[in-house]
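Just below is one structure, and these are the notes that go with it.
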Amino acid sequence: MRKIKITIRVLALLVFGLFFHYVLPQHDVVKLTSTEIIRTDFSPYNRIFYAQADSGGVEQPTRDLRLINTQKQKTFLLGFIPRDASSVMVYRNEDTGWIWPPYFKFDSSDLQAEAANLAKGDEWAVITHYGWRIRWASIYPNAVGVRTVSGPDVNVIPWFNIFFFIFLAAGLLFIRAMWRQFRQRTVDPLLDTAGHHVDEVQAEVAERKGRMSRWLGTWKKKDNPQPPPE
């Protein structure tokens, strides 16, 4: 039973970890190389990983998809330590609108123009995005912002994620304290009262069984009278 509980907790942590890793913003130091627009047919396997059509447009099974091609600087420890290596990375550029995740992005056209302008030069930039790059399923992370930086060795501190997890931990501790207080004031007294009632019922049942046994014992004595002494 203990192993089952541990397995459930590990799976729950894994699911929540993957969820937050997908939706929380990430920052990549990149050099923009080009931009393009491709016609995309969504499949049932990757449709969930895409946002929506541009705000004001009609959602279709096939639509144009804006892409930003970059040369990404590789890092250690989730982006805190840069490496002397790079690799290609492709980002999509879609409006999120008012739906999930709540980035409220409505300026994908402006972002595409800014990315195309940066691709003409030799500047390094930081792309803020969410999502994953899964090549075999044609899934791209969604870029939500871009800004220029001094070079590839810049360190980007994810302040939003840090404060998010601080507030999340504080909220969980607050909910845990409220639950413990509610349990001590409401749940535990109810359980104690229910336990007392169960004990009283069990005692009453045992007493009735004892009375019945004694009454049956008296009839056994009448049915089997002792022989008179000789």
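Some observations on this one:
- Test: residue in the stretch 144-159 that is at pLDDT below 95, open to solvent by 60 Å² or more (accessible area, probe 1.4 Å), polar (S, T, N, Q) and in a loop (DSSP other than H, G, I, E, B): yes
- Only listed residue being among the charged types (D, E, K, R), assigned by TED's automatic domain parsing to the domain that holds Pro152 and at pLDDT 90 or above, chosen from Glu59, Glu114, Glu123: Glu114
- Residue match in the stretch 91-101 (condition: at pLDDT 90 or above and either open to solvent by 30 Å² or more (accessible area, probe 1.4 Å) or part of a strand (DSSP E or B) (or both)): yes
- Where Trp179 falls short, out of the listed (1) part of a loop (DSSP other than H, G, I, E, B); (2) farther than 19 Å from Phe19 by Cβ; (3) open to solvent by 40 Å² or more (accessible area, probe 1.4 Å): (1)
- Within this structure, Phe76 fails the test of being modelled with pLDDT of 90 or more and either closer than 24 Å to Phe165 by Cβ or assigned by TED's automatic domain parsing to the domain that holds Ile134 (or both).
The values are calculated or read from the model by the stated rules, or taken from the named source; none is laboratory data. What you see is a predicted model; the values in this text were computed from it and never measured. Every residue, glycine among them, receives a Cβ derived from its backbone with ideal geometry; neighbour counts consider all protein chains shown. Ligands, DNA and RNA are excluded from the accessible area calculation, which covers all protein heavy atoms including side chains. Shrake-Rupley method; radii C 1.70, N 1.55, O 1.52, S 1.80 Å.
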